[in-house]
Amino acid sequence: MGNNLLKGKRGIIFGALNPDSIAWKVAERAHEEGAKITLTNTPVAIRMGETNGLAEKLNTIVIGADATNTDDLTNLFKESMEYLGGKIDFVLHSIGMSPNVRKERHYSDLDYNYLDKTLDVSAISFHKVMQTARKLDAINEWGSVVALSYVAAQRTFYGYNDMADAKALLESFARSFGYIYGRERRVRVNTISQSPTITTAGNGVKGFDRLLDFAERMSPLGNASAAECANYCITLFSDLTKMVTMQNLFHDGGFSNMGMSLRALEQYEKGLHQDCACGSANDDYPSADEHRYD
Ligand SMILES: NC(=O)c1ccc[n+]([C@@H]2O[C@H](COP(=O)([O-])OP(=O)(O)OC[C@H]3O[C@@H](n4cnc5c(N)ncnc54)[C@H](O)[C@@H]3O)[C@@H](O)[C@H]2O)c1
């Protein structure tokens, strides 16, 4: 049930592919809170995914756009303003994709064309969204732009590969663009660093089920769900957080400030008593040419 936190506001939501998508939950919550929104995704994702069904449910439209293409983004902002009847108040960037992760390339043996793609889709698209919006003067004063990130931007996580570099860049864009956009137009820009969450993108990360379990045991509040992430996004779109900008905000049940928890320690101890083949010190550091993906 909504509290009209976004009543009268207009928003654009990137990245709702299917009901698991974090953006899907954000779109539903924004609608519930009284916002008018448009949805966007790549033409392929619209064809293969379920975005059209969500649009029908929320009584809105889907505008196809590849977020790496500035012509598509220009069209998206223009069409959205026309359909919604004015300038935009909030934008959710909920986009991530790494061909190196998909093709299981080892981090010490990256394909650099893939790396370009990872950075363009997962990070530079965020800059492109903001640069396009600013050129069109498409976002109202006190508007709010949010992108979704992950703690691998600050710390190293097994299997996260070049997405870690993309997230570091994404968070840097929030600071650098947030300064300009805030100073000139009072538009705020933040990233939310979310717990591991079961979605199409999340499942692509090697060892994701174990990462999910580890984060759950380490976090005093447990992992934050997609629905809880959506709630947090709504607060950032609302006027209740008007003075928050250029921040990377952890939404992770406390994970990012933990070192070791009792629950994780107990589970680890159980593993120590089992006869496992992981005792060799070198096992943590396989050479790249072993083709072991780490
Ligand atoms: N799932 C997790 O564990 C987790 C944790 C922290 C942060 N995140 C971040 O949350 C965001 C949303 O991911 P999700 O987990 O909901 O997965 P998801 O797969 O549902 O969403 C990813 C979306 O990106 C879209 N996309 C890919 N390339 C695009 C392009 N060129 N232009 C426009 N859209 C494009 C996809 O179509 C899809 O809708 C991502 O930035 C992801 O890195 C996810």
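Restricting to the stretch 139-156, give me the number of residues that are surrounded by fewer than 23 Cβ atoms within 10 Å (Cβ to Cβ) and more than 11 Å from the ligand (Cβ to nearest atom).
Residues in the stretch 139-156 being surrounded by fewer than 23 Cβ atoms within 10 Å (Cβ to Cβ) and more than 11 Å from the ligand (Cβ to nearest atom): 6 in total.
Report those strands (runs of 3 or more DSSP E) wholly inside the stretch 1-95 carrying at least 3 residues which are crowded, with 20+ Cβ neighbours inside 10 Å and either within 14 Å of the ligand (Cβ to nearest atom) or among the basic types (Lys, Arg) (or both).
Counting at least 3 such residues, we get 10-14, 36-41, 88-93.
For the stretch 157-166: of the residues being in contact with a Gly (Cβ under 9 Å, 6 or more places away or on another chain) and of a type outside the set (A, V, I, L, M), which is surrounded by the fewest Cβ atoms within 10 Å (Cβ to Cβ)?
Tyr158
Given the structure, is Ala133 crowded, with 20+ Cβ neighbours inside 10 Å, in contact with a His (Cβ under 8 Å, 6 or more places away or on another chain) and modelled with pLDDT of 95 or more?
It is false that Ala133 is crowded, with 20+ Cβ neighbours inside 10 Å, in contact with a His (Cβ under 8 Å, 6 or more places away or on another chain) and modelled with pLDDT of 95 or more.
Can you find even one residue in the stretch 100-110 that is without any contact (Cβ under 8 Å) to a residue 40 or more places away in the chain, of a type in the set (Lys, Arg) and out of contact with any Gly (no Cβ under 6 Å at 6 or more places or on another chain)?
So far as the stretch 100-110 goes, yes, one or more of its residues are without any contact (Cβ under 8 Å) to a residue 40 or more places away in the chain, of a type in the set (Lys, Arg) and out of contact with any Gly (no Cβ under 6 Å at 6 or more places or on another chain).
Report, ordered by the first and then the second residue, all pairs with beta carbons closer than 6 Å, sequence separation of six or more or different chains, a first member in the stretch 189-209 that is within 18 Å of Tyr232 (Cα to Cα), and a second member that is of a type in the set (Asp, Glu) and more than 8 Å from the ligand (Cβ to nearest atom).
Every condition considered, the pairs that remain are Thr191/Glu171; Ser195/Asp252.
Scan the stretch 225-254 residue by residue and report those that are among the aromatic types (Phe, Trp, Tyr) and in contact with an Asp or Glu (Cβ under 9 Å, 6 or more places away or on another chain).
Result: Phe237, single match.
Contact list please: Cβ distance under 8 Å, first residue in the stretch 31-46 and at positive phi, second residue more than 16 Å from the ligand (Cβ to nearest atom), pairs at least six apart or on different chains.
Gly34/Gly2; Gly34/Asn4; Gly34/Leu5; Gly34/Leu6; Gly34/Lys7; Gly34/Gly8; Gly34/Lys9
The values are calculated or read from the model by the stated rules, or taken from the named source; none is laboratory data. Everything quoted here is computed from the prediction, not taken from an experiment. Backbone-built Cβ (ideal geometry, glycine too); neighbour counts: all protein chains shown.
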